[in-house]
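Here's the structure we're looking at; comments come further down.
Nothing in this text is a laboratory measurement; each read-out follows from the coordinates by a stated rule. Treat the numbers as computed from the prediction; the structure is a model and nothing was measured. Quick reminder, even Gly has a Cβ in these numbers, built from the backbone with ideal geometry, and neighbours come from all protein chains shown.
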Amino acid sequence: MISKIIRYGLLISLSLFWLSTKAQISYGGEPLLKTGTIKSELSTVYLPRFERATMLKSQEQSEGKSFLKNAQYAYRYQVSFNSLNAGTWQVLDDGRRVWRLSITSSGAYSLGLIFSKFRIPTGSQMFVYNNQSNRILGAYTEKNNKESGKFSIEPLQGDEITVEYIEPLQPEFIAVLEIGSVLHDYKNIFNQLRGEVSLLKSSGTCNVNINCAEGDSWQVEKKAVCHILYDGYIASGALINNTSFNGRPFLLTAHHAINVQEEADAAIFYFNYEAADCESTVGSKSQSISGANLLATTNHLDFTLLELSVMPPASYLPYYIGWDRSGRVPVNTTCIHHPSGDVKKISLDLDSPITATYSDTKFTFDSNTHWRILEWDLGTTEGGSSGSPLFDENHRLIGDLTGGEASCSSSINDYFAKFSESWDNYSASNQQLKIWLDPLNLGVLTLDGVDPYKGLRAVVAVSQDSICYDSPITITDVSLGEPETFYWNFGEGATPATSTEKGPHVVSYSSPGLKKIKLIVKKEFVVDSVVRSVLAMDIPVADFSYTVELNKVQITNTSIEGMAYNWNFGDGSLSDEENPIHTYNKTGIYKLTMLAENFCGEHSITKEISTRYDNLLTIYPNPSNDVFTVDLSKIIFLRSTWTVYDLKGAQIRSGVVSSYESSIRFNLGGLASGSYILNINIDGVDLKRKLLLTN
């Protein structure tokens, strides 16, 4: 049944793409009037004068101390220019009609258009161009019609822009064309890398191109990340996979960036906007999609899930990234983004993030729903990076960027909304990710990414990544390309051990350990395989060691397979830290109890510990016929001295012990058999021991 659902969903998605492409994607050709095929007077509308200084001051005041990382680049003029009240119509010699309108906004670095009404008949063409650029956008055709009836045109450099609509003979209906907004670029988004006149400018010099060596291992995931223009702002986002593997073009970004359908309708998504190598500073914006449907968002959590108006075509080389909703703390993190609207960059933090709360003058999100990057080790993020994906060490998405103080001058403190919190903290379908990204209700904690245009591909979904070894797990085939044969090996100690059936399969394990599940699929002469790991766990084994510095005890947790810990120090104090440090009020002997837990059960251990140095110092062998060893490994000290005396008080041997040494060794061989006294001074505390020498 699952196989049928997956195949049917993918077939529908691909069919819709080929039959009705509703996007910014254009279909070639040339405008008639731009190329001089015919001549006509151009009707121009002049927008009111734009005061850039006033706008910048107002923007600065309104932003206050907000550290959100979307960025405004354009002022939005609300207009109502349509094919009836503006522009000019002309009848061609062959009977076709052409409508043309030019709009000028003095001082604009670029102009973008948002059609509040856009519906054109089969056979029609629309082009957008200007006299300051050699770029011609279009032709846009009936394939660009969308259910929303809206359509955004990407910015063209310069302060004037022209729309040319060519109507076919005997159209099936009269086109509905109305420009509702004109976006006046006052920050020089096109020249951000060329000269000081740009107010948006390029990103900081600490940022690293995705095609530098640091991005070598991220060449697949980078294809999911896009640069977003919406309503005069810039942000980032990423295509994301779902458990149906059906190619639905879901895209994750931030709530503070896009949170209403009007913004989603007007958004433009640029893919593969990147420099060709490590040193280049420019990239192509030729691959874009206009408009999306807003599926889920909430002002309690900083995420927005969109569905693009069309599946990105194969020529875009799209990739839908995988995710991890477990909430586990990653070993390290990576962010791929478009800082300041620049070409695609990569930032790395080699350490684990911590759980945190994000709040500023504009938004206060639910407590403890963010990852906090303490400091980037490579690169940073900037305005325009909002909504970009945060990856764990397994190349799976775990969050999207909200904001923070990080910059090239100080790369500390960035906040990403946790994917695990956005999953289903709220039950309404338009306030969660689960219903959209797990449509098969598999309950998986992690999902791999997918290339929606790749042919046969082996893909495995598991109900849990970690289980108790004697508990069942459901393993499901979600392969692409409709494989004909299957071979499963479920790993060491599995029941069943193998299978040639598609499944799903319910498997259990007779022993704990990391289990490797292998699936090989075949169709005709094409074969693909994949290995997926599952951790089969047992009840934890609690254990610990410790060292003492005066009355301060530092504990090292040596438990096996523990996930949570509780400590009772024997003096009324408790802790749930993994490796706690505890200071006792007075010297003494205490019973320290540790409880280790995981989802399989719990185990505890109690040890009697002493904060008296007398009880922590061990000498062996004693008696000895020559060499004595003093074990100081349980004592933390700065300086220690030792002296050996005979029973008459005469000094026989002496020495100094450095803080990094954990033992003392001395040889009394050759001395007369009998008793001797060892005196050790540890940070001012004198300890005495009797030594027995035998020859």
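Relative contact order for the chain using alpha-carbon pairs under 8 Å, separation at least 6, rounded to a whole percent?
On the way: 1847 pairs, mean separation 62.8, N = 695.
Computed value for the chain: 9 percent relative contact order.
V208's amide H: which non-local residues (gap 5+, or another chain) put their own amide H closer than 5 Å, with H modeled 1.01 Å from N in plane and none for Pro or chain starts?
HN-HN under 5 Å from V208: I346, T380.
In whole angstrom, note down how far apart the Cα centers of the stretch 475-543 and the stretch 342-387 are.
36 Å
With Rg and the Kirkwood Rh both taken from Cα atoms, where does Rg over Rh land for the stretch 615-695? List each step's numbers first, then the result.
Details: Rg = 12.2 Å, Rh = 12.8 Å.
Here the Rg-to-Rh quotient is 0.95.
If the viscosity is 1.002 mPa s and the temperature 20 °C, what Stokes-Einstein diffusion coefficient in µm²/s follows for the chain when Rh is the Kirkwood radius over Cα pairs?
Values: Rh = 29.8 Å.
The diffusion coefficient I find is 72 µm²/s.
For D614, what is the net charge nearby, where nearby means another residue's Cβ is under 11 Å from its Cβ and Lys, Arg count +1, Asp, Glu -1? All intermediate terms of the calculation are to be shown ahead of the outcome.
Values: positive: R612, K688, R689; negative: D686.
Value of the local net charge: +2.
So which aspartates and glutamates can K522 reach, going by Cα to Cα under 19 Å and dropping same-chain residues fewer than 8 places off?
D451, D477, E482, E484, E501
Per 0.36 nm of contour for each residue apart, how much would the distance between C278 and L671 grow if the chain were fully extended, relative to their Cα-Cα spacing? List each step's numbers first, then the result.
Details: separation 393, 0.36 × 393 = 141.48 nm, distance 7.25 nm.
Contour length minus the Cα-Cα distance gives 134.2 nm.
Out of residues 5 or more away from S181 or on other chains, whose amide H comes under 5 Å of its own, with H placed 1.01 Å from N in the peptide plane?
Here V79, I114, S116 satisfy the definition.
Counting other C-beta atoms within 10 Å, which of K146, K187, K586 has the fewest, and how do the rest follow? Walk me through the numbers before you get to the answer.
On the way: K146 20, K187 24, K586 7.
Going from least to most buried by this count: K586, K146, K187.
Modelled label-to-label distance, T44 and N299, 7 Å Cα→beta-carbon offset: nm?
According to this spin-label approximation, the distance is 4.3 nm.
Put +1 on the Cβ of each Lys and Arg and -1 on the Cβ of each Asp and Glu in the chain; which of A257, V182, Y590 then has its Cα farthest toward the positive end of the dipole?
The residue sitting most towards the positive pole is V182.
Estimate the FRET efficiency between D93 and V176 by the formula 1/(1 + (r/R0)^6), using the beta-carbon distance for r and 30 Å for R0, to the nearest 0.05.
Numbers: r = 26 Å, r/R0 = 0.87.
That pair, D93 with V176, gives E of 0.70.
Please list, in chain and number order, the residues 5+ apart from S43 or on another chain whose amide H is under 5 Å from its amide H, with Hs placed from the backbone.
T88, S102
What ratio of Cα Rg to 2.2 N^0.38 Å holds for the stretch 208-437? Please report the intermediate quantities before stating the final value.
On the way: Rg = 15.8 Å, N = 230, 2.2 N^0.38 = 17.4 Å.
Working it through for the stretch 208-437, the quotient is 0.91.
Would you kindly enumerate the cysteines in the chain that have no other Cys beta-carbon under 4.7 Å from their beta-carbon?
So, C226, C335.
Explain nothing, just compute: Karplus ³J(HN,Hα) = 6.51 cos²θ - 1.76 cosθ + 1.60, θ = phi - 60°, for every residue of the stretch 577-588 in order, whole Hz, x for Gly and Pro.
These are the phi-based 3J(HN,Hα) values: 6, 6, 10, x, 10, 9, 10, 7, 5, 8, 5, x Hz.
Just list whichever of K150/K434; K285/K516; K187/K222; K552/K648 have alpha carbons separated by over 31 Å in the model shown.
Values: K150/K434 29 Å; K285/K516 42 Å; K187/K222 27 Å; K552/K648 37 Å.
With Cα atoms farther than 31 Å apart: K285/K516; K552/K648.
Report the label-to-label distance for T558 and L692 in nanometres (one decimal), using points 7 Å from each Cα along the Cα→Cβ vector.
2.9 nm
Among T357, T104, which comes first, second and so on when ranked by fewest other beta-carbon atoms within 10 Å?
Values: T357 13, T104 17.
Fewest-to-most Cβ neighbours within 10 Å comes out as T357, T104.
Please report the net charge: other residues with Cβ closer than 10 Å to the Cβ of C335, K and R +1, D and E -1.
-2
Got the relative contact order for the stretch 614-693 handy, in percent, Cα pairs under 8 Å and 6 or more residues apart? Intermediate values should be presented prior to the final figure.
Numbers: 160 pairs, mean separation 26.1, N = 80.
Worked out over the stretch 614-693, it gives 33 percent.
How far, in degrees from 0 to 90, does helix 2-19 lean away from the longest principal axis of the Cα atoms of the chain, to the nearest 10?
Taking Cα atoms only, the helix is inclined about 40 degrees.
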